[in-house]
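K.L.:
Supplied in structure tokens, the structure appears directly below.
Laboratory data are not the source of any read-out in this text; all were calculated from the coordinates shown. Everything quoted here is computed from the prediction, not taken from an experiment. Methodologically, a virtual Cβ is constructed for each residue, glycine included, from the backbone with ideal geometry; neighbour enumeration extends over all protein chains shown.
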Amino acid sequence: MKATSDALALRRHQQDPMGIGMNLRRLAVGHNALHGDRAEARAAIVGAIECLSGQGASTELSLALAQLSRLQSSWSEYEASVQTGDRALALAEALGDAPCLIEALYASASARMFVSDDAQARANLERALAMARESRLEDTAARLYRTLQMVSLIYRHHGYALEIAEQGIAYCEARDLDLHRAHLMENRALSQFELGRWCDADRTIAEQLADAAGAL
């Protein structure tokens, strides 16, 4: 956080609007995730969007809108999150930048999935996942596996959730993405339990415990 704040001060001294917007976006993430400070996070991300909007269409503006959409979802502001995510997606589609488009698809589609069991939104998450894998954005791909699994659990599509779990676990194991793998394993056990596959759920939990013990 201090390094980002110092960088923001430097960007302001240099009168660099794009750099200011990028640093404000990153500060918003830190305020929300590290400190749980919603007011500071909102002020930072709104400031980023206001700063970047004056520079015309840009990938940084789309990324800032996508970040605001994700924050709004985390604050249960779902209607606003959908609207903001759609703005990010429309801009990203026009710009044609793959990493930017992945983040916009991610934000827009996940926002819609929190509102309803939206087949097109799930297809957009799958599209983002395919693009992330192709672009070798491994952490982003792992997060998308987890999101697809989570929204499937919300709507009790356990068969699909288990398919995503198997794919995601294999993907994470091959890349040592242990934290993402652990979340996928945990939710795989939940699907197995919900489907009455209690022995499978026990084995999944036992494997997780063994992995945790081995990491000590």
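K.L.:
If you average the alpha carbon positions of the stretch 91-163 and of the stretch 1-50, how far apart do those two centres end up, in angstrom?
P.N.:
26 Å
K.L.:
Here's a follow-up. How far apart, in nanometres, would the label points at Leu190 and Leu34 be if each is projected 7 angstrom from Cα along the Cα-to-Cβ direction?
P.N.:
That separation, rounded to one decimal, is 2.8 nm.
K.L.:
Which one, Ala182, Val82, Leu105, projects farthest toward the positive side of the charge dipole computed for the chain from Cβ point charges (K/R +1, D/E -1)?
P.N.:
Working it through, the farthest residue towards the positive pole turns out to be Val82.
K.L.:
How many percent of all Cα-Cα pairs in the stretch 65-167 sit more than 21 Å apart? If you can, show how the numbers build up before the last one.
P.N.:
Details: 1444 of 5253 pairs.
Tail of the P(r) past 21 Å holds 27 percent of the pairs.
K.L.:
Let me ask something additional. Determine the relative contact order of the chain: mean sequence separation of Cα pairs under 8 Å and six or more apart, normalised by residue count, in whole percent.
P.N.:
Values: 284 pairs, mean separation 22.1, N = 216.
This gives 10 percent for the chain.
K.L.:
Quote the relative contact order of the stretch 26-143 in percent (integer), defining contacts as alpha-carbon pairs under 8 Å separated by 6+ residues.
P.N.:
Details: 153 pairs, mean separation 21.3, N = 118.
The normalised contact order for the stretch 26-143 reaches 18 percent.
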